[in-house]
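The next block holds one structure in the form of structure tokens; read it before the comments.
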Amino acid sequence: MSWETVQLDWDGAVATLTVDRPDALNALNVPTLEAMGEALTEAADDGARALVLTGAGDDAFIAGADIAYMQDLETPKAQEWGELGHDVADALEAFPAPTIAAVNGYAFGGGCEMAMACDLRVASESALIGNTEIDLGIIPGWGGTQRLPELVGDETARRMIFLGERLDAESAAEAGLFGEVVADEDLEDTVTDLAEQLAAKPAVAMRAAKQAINQRHEGPQAAGLTYEQRAFASLFGTPDQREGMTAFVENRDPEFE
């Protein structure tokens, strides 16, 4: 299959899924999320033994979700939007082979959440990452409230979510959000080498290892993700959400009541 805003490329048994909206800093909209879901299914069906997720261009991994689209959503549509993002993040987490987020720039909001849904994260020195939704009058809605505390600990996660903090690559690595930080020009080669190492491992055992690790999510995280979806959608239509997203679109600071 082919898509307008997503590319799926192969190098042997390694699949690379690239979000290809560089003019929009690879922000995620409905067609892009749907295409990502289809590409993940295709990669799994075609036997990928490792998968890399990255963004096109030099500026962004995935800068976030499409704020202009979200700006006027009411709760029912916001629920559908949240479910779509969850479906893609869950598909990354459940992908039958190891997944690597090659974070090559901005990874805010939904971009941070997609990176966290991957098994491993390698970042360029210029990368910036954070769950910045609070300044839009909403909360992380694609798994951030559940995956971030597990990766960086409760205190750091609360600070990042409550304050909308953006971490540079080294700070994020120290917090546990990135497993490796490399020079910008070395990111592609580093990720290629890592993906090839993973793809060379026994596929059945690797899949079993991933499934066993993910079993820890079957209880509390599953319930937390469901709660997050409801809470995320309920914030759409509130004065804070309207002001936060309008301010973002108008490129000004929000004035919350």
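The values are calculated or read from the model by the stated rules, or taken from the named source; none is laboratory data. Every value quoted in this text rests on a predicted model; they were computed, and no experiment measured them. We place every Cβ from the backbone using ideal geometry, glycine too, and count neighbours over all the protein chains shown. Just the protein is used for accessible areas: all its heavy atoms, side chains included, with ligands, DNA and RNA removed. Shrake-Rupley method; radii C 1.70, N 1.55, O 1.52, S 1.80 Å.
Computed quantities for the displayed model
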| quantity | calculated |
| --- | --- |
| Residues of segment 212-257 that turn out to be more than 23 Å from the chain's Cα centre (by Cα), among the hydrophobic types (A, V, I, L, M, F, W, C) and modelled with pLDDT of 90 or more, as a count | 1 |
| Some residue of segment 36-55 being farther than 25 Å from Asp193 by Cβ, touching a residue at least 40 places away in the same chain (Cβ under 8 Å) and crowded, with 16+ Cβ neighbours inside 10 Å | yes |
| In segment 150-166, the residues that are open to solvent by 40 Å² or more (accessible area, probe 1.4 Å) and either in contact with a Cys (Cβ under 7 Å, 6 or more places away or on another chain) or not in a loop (DSSP other than H, G, I, E, B) (or both) | Glu150, Leu151, Asp154, Glu155, Thr156, Arg158, Arg159, Phe162, Leu163 |
| Single condition Ala169 does not satisfy, out of (1) under 16 Å from the mean Cα position of the chain (by Cα); (2) under 13 Å from Met116 (Cβ atoms); (3) among the hydrophobic types (A, V, I, L, M, F, W, C) | (2) |
| Residue check, Glu80 more than 24 Å from Lys210 (Cα to Cα) and over 17 Å from the mean Cα position of the chain (by Cα) | yes |
| Those residues of segment 9-50 which are part of a strand (DSSP E or B) and farther than 23 Å from Trp81 by Cα, in sequence order | Asp9, Trp10, Asp11, Val14, Ala15, Thr16, Ala50 |
| Complete set of residues in segment 167-178 that are among the hydrophobic types (A, V, I, L, M, F, W, C) and in a helix (DSSP H, G or I) | Ala169, Ala172, Ala173, Ala175 |
